[in-house]
Amino acid sequence: MRKAAICMVSALALLAAPQAFAAKAEKVKIGFVTTLSGGPGVIGKDMRQSVEIALDHLGGKMAGVPVEVIFEDDQVKPEVGKQKTEKLVHKDKVDFVSGFIWSHVVLAARKTVVDAGKFLIISNAGTSQIAGRLCHENIFSTAWQNDQVPMAMGEVLNKRGVKSLYVVAPNYAAGRDMVNGLSRTFKGKIAGKDMTKWPDQTDFSAELAKARAAKPDGVFIFYPGAHTNAFIRQYSQAGMTRTPLYSVFSIDSLSLPRLQEANTTAVLGTYNTQFWSPDMDTETSRKFVADYKKKFKSYPSHYGAQSYDSIMLIASAVEAAGGDLSKMDAMRDRMRKADFPSVRGKFTYGNNQFPIQDFFLREVVKDADGNWTTKIVQKIYEKHQDPFAEKCKMKKTW
Amino acid sequence: MVTWTLVFEQLLNGVQFGVLLFLLAAGLTLIFGIMDLMNLAHGSLYMLGAYIAATVTHWTDSFLIGLVAALPATLVIGIVVEVLVLRALYRRGHLDQVLATFGLILFFNESVRLIWGPAGIQVPLPDFLNGSVDLFGVPYPMYRVTVIVAGLAVAGFLYWLVVKTRLGMLIRAGASNREMVAALGIDIKLVFTLVFGLGAALAGLAGALVGPIRSVGIGMGENVLILTLVVIVIGGIGSIRGAFVGALLIGVIEILGRAFLSTLFELVLPSNAAETAGPAVASMLIYILMAGVLFFRPQGLFPARTG
Amino acid sequence: MALLNARNLVVLATFALLALAPAYAAWVETPFYLDLGRRMMILAIGALSLNLIMGFGGMISFGHAVYIGIGAYTVGICAFHEVTSGFVQWPLALAISAAVALVFGVISLRTRGVYFIMITLALAQMTFYLGISLDQYGGDDGLTVYAPSDFAGLIDVDDDLSFYYVVFVLLALCLWFSQRLIRSRFGMVLQGARQNEGRMEAIGVPVFRYKLTAFVIAGTMAGLAGALLANHTDFVNPEMAHWTRSGDLIIMVLLGGMGSIAGPIVGAAAFLLLEELLSGVTEYWQVIFGPFLILVVLYARGGILGFLSRKDGGDG
């Protein structure tokens, strides 16, 4: 009799328990799509390590709910990225999809996430399409829009009195975005422009010979990944080091150790623009960089910083919903307020849910230990919004 | 803005690029023409050469030792691959060869990533190669001059090897009639293995030479592989002379296209259209050339049978 | 003549699995399997078309993905200009792929063997770079297809399940068509030309015209796969025409068994399943997949179907 009573009570408790806590999810599942294989895998590695640091800082929990991050490799192929996203959304049933280095991959994967009613938190790819026409209430960026960084560089060049500039960038969408962004603000003359074959071309002899013959005041480049190293080394071999080199998204914590390895001193003292730098003086950034360096023995890159922010943004949303992941509106409202500890300090979201933030001029220097890194020189833009926000039909209500 | 010194410098760039392609094409065309083997993994040997040279350079602080070490290393890797995998493929169709060597590419790329990580390696240049020399009034990077000289030296060596030596004779004989050579008591298998090793070492040399100019990374082999295939097809498969002419042709046309096509288009098109068309056509140029050559000469410029 | 030999069983089983996949996906509440199955079938149509020229005509095209790309881009560009009617998009996709295949075929069929492989590769690379340079249509970012093909309410391509069965039926039709084609006089001539082109010429058969026709048919069928793929992924991208994609198609054909009509379907299914399974095991999955391909070439000639039918003396 007593046994039966215990059984009944336990059974009732079991039945009741899920209802009592129904609101709280058992797990926060985050799908993180990045590139892990091949050469660009180095970016994905940095992003993954930064996500780990973020999870360490959160103690592996958001609003008391354990977090699981599932990493997927897009192989830099849009179709694969799309396929992996399908898997994350429709098989692993994740609550958030984050990551994405490449514009063409996120453009391919976007609809899958949005159609499933999940949040897409973009950690890098700053395509003008998603910032503009394709903006969506469930898509947030913790990075920037492509044009902003070269626009900041254009201002720098004006201030420094650069009258003629030679431009070299790869002939693909982001490359053309960068050149267009630069042209929006740069007032001097473009002495010459070469759009190189992407991604096959790693020999720049033809372009460098032309650049030298044009005798410009400066050379502007955009080369993500391993191409940067090839370009800068050939730049110095071609005896161009007296012409100042300005870059965007080319020289960062991933390329600098490689350049130092080859003793390419030409890169020291060159300038680039970015929203963040490892020496950024905010509490979150200091902590992130210090813990990253302690754990992985190298500087994190901006890719890492943005990924760290993606996880923190998601954490703020889960907190706001008290761990109930069905409360989409509550989560969205919180994210729109950008109320979380970001590496860049306080910032706000524009109507397209891309950050309105500051941009800085960075110089390549040696740190106290002799390692090459970037240092913030001055603020170029304060609270800058990307030019595509006006093409986004959403209205800012927050 | 186009001056003659600039054209001259671009021609030099083209020759330097062509010479590098020749190192790859020479080995591939021999393997292709003599053993009738379509080897897509040739680019992987180039990558391995670059990685090995880079690693040894960092160990020993000497670029020359790195360069020299890459040769026997890729030779040995080539021989191992030949014995383990490719030997079984000689009598198969090209399709089987394409598939199996494609499998090799995947294997080598991911193995490199497992061993060296995804980041790639940079090779510092020794100081004595780091400056530039004055060539008829054009300051030209010393290292690129070295590459041109090294490539031409290898071309000369290959000519001597194939035309003047016993091995060369066997290579030529083995290609035209392998049963006959075998019947004469010559180990044709060994000859094939040696030729494959030689081709691998040439690819390794190209990879080692390219390290200090470009960066050493995964996937560097595939990009160059397609160009190399274009070279040997234009030149005529199996012909070293064809590979040499084809390589220089492709090198020079590729560079000149990149350098001057946009300017050229600006003369006839509105500048907006020229800006788009220039790089687009430049990247298609060599493929247009190849399609054109094959359309009029379906066996390439120097078909191996007559050359 | 056993109808139920191992080879036919595998083909039947593959079709049965594909037919039942949506039910299974619904049962385990994993719509991902629906997506995977649809992708398999679309690529199977592409591989089937390649097999027509490669397996039966001996034309090893290393640029077959181009026609998939063209079919997809036709749909994408139509949608971009707000022409969403499937009755316009799809026939146009087929027509343009056919036209391009005709031009490329005329150029490349002048060559033989390796030269043919290389010229198809060169033409594919040209098309790929053209796609990257198409700034108006997104360049390498590609185009998002905002609206699916609209069939005036007859078929709803936007609905996952009905689109799945549309693809299923089209795949079956393509298989039926291939079978009819290969067993027709046309198919016999094509296979005869593969074995001995000179002899066919000698008895007065205009081989070039036959080969060209086969090349155009294959290109058109691949164009259909492209139109489907654009609706499947909701975006188009030059990457679809990249040479490694053509390589994937070749692998699918060989994996399934070249020269057996239904082989590519089994091959496409096996290829995608392997990729899915292996990449789930380790991010270094290509270290396994690469040697696997080599083993298939060395020890499983004739692919999966050839391997299965070896005992009963298949015709491969």
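The values are calculated or read from the model by the stated rules, or taken from the named source; none is laboratory data. On a predicted model such as this, the values are computed, not experimentally measured, just so you know. Glycine also receives a Cβ, built like all others from the backbone with ideal geometry; neighbour counts cover every protein chain displayed. Just the protein is used for accessible areas: all its heavy atoms, side chains included, with ligands, DNA and RNA removed. Shrake-Rupley method; radii C 1.70, N 1.55, O 1.52, S 1.80 Å.
One residue alone among A:F119, A:F140 is farther than 30 Å from C:Y24 by Cβ, more than 11 Å from chain C (Cβ to nearest Cβ), of a type in the set (F, W, Y) and open to solvent by less than 20 Å² (accessible area, probe 1.4 Å), and that residue is A:F140. Scanning the range B:262-291 for residues that are more than 9 Å from every other protein chain (Cβ to nearest Cβ) and open to solvent by less than 30 Å² (accessible area, probe 1.4 Å) returns a single hit, B:A274. Within the range B:111-121, restricting attention to residues that are in a helix (DSSP H, G or I), open to solvent by less than 40 Å² (accessible area, probe 1.4 Å) and touching a residue at least 24 places away in the same chain (Cβ under 8 Å), the residue that is nearest to the other protein chains (Cβ to nearest Cβ) is B:R113. Among the conditions (1) over 30 Å from A:Y172 (Cα atoms); (2) open to solvent by less than 40 Å² (accessible area, probe 1.4 Å); (3) in a helix (DSSP H, G or I), C:R199 misses just one, which is (2).
Every condition in (1) modelled with pLDDT of 95 or more; (2) open to solvent by 50 Å² or more (accessible area, probe 1.4 Å); (3) in the same structural domain as A:D200 (by TED's automatic domain parsing) holds for A:K215 except the one numbered (1). Just wondering, is there one or more residues in the range B:154-165 that are in contact with a helix residue (DSSP H, G or I) (Cβ under 8 Å, 6 or more places away or on another chain) and not in a helix (DSSP H, G or I)? No, there is no match, as no residue in the range B:154-165 is in contact with a helix residue (DSSP H, G or I) (Cβ under 8 Å, 6 or more places away or on another chain) and not in a helix (DSSP H, G or I). Mind listing whichever residues of the range A:123-137 are in a loop (DSSP other than H, G, I, E, B), within 14 Å of another protein chain (Cβ to nearest Cβ) and hydroxyl-bearing (S, T, Y)? Passing the criteria: only A:T127. Taking the listed residues C:V266, C:V287, C:V236, the one that is in contact with a Ser or Thr (Cβ under 9 Å, 6 or more places away or on another chain), within 14 Å of chain B (Cβ to nearest Cβ) and either closer than 19 Å to A:S37 by Cα or of a type outside the set (S, T, N, Q) (or both) is C:V287, with no other qualifying.
Does C:G46 qualify as being in contact with a Leu (Cβ under 6 Å, 6 or more places away or on another chain) and modelled with pLDDT under 95? The answer is no for C:G46. Within the bounds of the range C:173-186, is there any residue that is within 14 Å of chain A (Cβ to nearest Cβ) and outside any helix (DSSP H, G or I)? Scanning the range C:173-186, I find no residue that is within 14 Å of chain A (Cβ to nearest Cβ) and outside any helix (DSSP H, G or I), so the answer is no. Give the residue that is farthest from the other protein chains (Cβ to nearest Cβ), with candidates limited to residues of the range C:83-108 that are in contact (Cβ under 8 Å) with a residue 24 or more places away in the chain and outside any helix (DSSP H, G or I). Among residues in the range C:83-108 that are in contact (Cβ under 8 Å) with a residue 24 or more places away in the chain and outside any helix (DSSP H, G or I), the one farthest from the other protein chains (Cβ to nearest Cβ) is C:S85.
This table checks each residue for (1) of a type in the set (K, R); (2) within 26 Å of B:R91 (Cα to Cα); (3) out of contact with any Leu (no Cβ under 9 Å at 6 or more places or on another chain).
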residue: C:T233; (1), (2), (3): no, no, yes
residue: C:A269; (1), (2), (3): no, no, no
residue: C:L274; (1), (2), (3): no, no, no
residue: C:Y299; (1), (2), (3): no, yes, yes
residue: C:G306; (1), (2), (3): no, yes, yes
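For the range A:308-358, the set of residues classified as within 20 Å of A:Q145 (Cα to Cα), touching a helix residue (DSSP H, G or I) at 6+ places or on another chain (Cβ under 7 Å), hydroxyl-bearing (S, T, Y) and part of a helix (DSSP H, G or I) consists of A:Y308 only. For the range B:6-21, the criterion of being part of a helix (DSSP H, G or I), surrounded by 24 or more Cβ atoms within 10 Å (Cβ to Cβ), under 19 Å from the mean Cα position of the chain (by Cα) and within 13 Å of chain C (Cβ to nearest Cβ) is met by none of the residues. Here C:L190, C:L229, C:L255 are screened, and the one residue that is under 26 Å from C:R180 (Cβ atoms), open to solvent by less than 20 Å² (accessible area, probe 1.4 Å) and without any contact (Cβ under 8 Å) to a residue 60 or more places away in the chain is C:L255. Filter the range C:122-133 down to the residues that are more than 18 Å from C:L229 (Cβ to Cβ) and either more than 7 Å from every other protein chain (Cβ to nearest Cβ) or open to solvent by 20 Å² or more (accessible area, probe 1.4 Å) (or both) and list them by number. Within the range C:122-133, C:M126, C:L130 qualify.
Filter the range B:126-153 down to the residues that are open to solvent by less than 40 Å² (accessible area, probe 1.4 Å) and assigned to a helix (DSSP H, G or I) and list them by number. Within the range B:126-153, B:L129, B:Y143, B:R144, B:V145, B:V147, B:I148, B:A150, B:G151 meet the criteria.
Restrict the check to the range C:258-277 and report whether at least one residue is hydroxyl-bearing (S, T, Y) and surrounded by fewer than 21 Cβ atoms within 10 Å (Cβ to Cβ). The answer is no, given that none of the residues of the range C:258-277 is hydroxyl-bearing (S, T, Y) and surrounded by fewer than 21 Cβ atoms within 10 Å (Cβ to Cβ).
Just one of the numbered conditions (1) in contact (Cβ under 8 Å) with a residue 60 or more places away in the chain; (2) part of a helix (DSSP H, G or I) is not true of A:Y246: (2).
Using the structure shown, decide if B:A53 is more than 14 Å from chain C (Cβ to nearest Cβ) and open to solvent by less than 10 Å² (accessible area, probe 1.4 Å). Yes; evaluated as a whole, the condition is true for this residue. Screening B:G117 with (1) on the phi > 0 side of the Ramachandran plot; (2) under 19 Å from the mean Cα position of the chain (by Cα) gives one miss only, at (2). Screening the candidates C:D156, C:D150, C:D140 for the property of being within 24 Å of the chain's Cα centre (by Cα) and buried (at least 20 other Cβ atoms within 10 Å of the Cβ) yields one hit, C:D140. Of the residues examined, B:V149 is not one that is of a type outside the set (S, T, N, Q) and either within 14 Å of chain C (Cβ to nearest Cβ) or touching a residue at least 12 places away in the same chain (Cβ under 8 Å) (or both).
Would you check which residues across the range B:61-110 are assigned to a loop (DSSP other than H, G, I, E, B) and more than 7 Å from chain C (Cβ to nearest Cβ) and list them? B:D61, B:S62, B:Y90, B:R91, B:R92, B:G93, listed by residue number. Restricting attention to the range B:196-254 and to residues that are open to solvent by less than 10 Å² (accessible area, probe 1.4 Å) and of a type in the set (S, T, N, Q), the residue that is nearest to the other protein chains (Cβ to nearest Cβ) turns out to be B:T228. Which residues, taken from the range A:225-243, are in a loop (DSSP other than H, G, I, E, B) and within 11 Å of another protein chain (Cβ to nearest Cβ)? Listed by number, the residues that qualify are A:G225, A:A238, A:G239, A:M240.
Okay, residues lined up against (1) within 12 Å of chain B (Cβ to nearest Cβ); (2) assigned to a strand (DSSP E or B):
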| residue | (1), (2) |
| --- | --- |
| A:A174 | no, no |
| A:I190 | yes, yes |
| A:A213 | yes, no |
| A:P216 | yes, no |
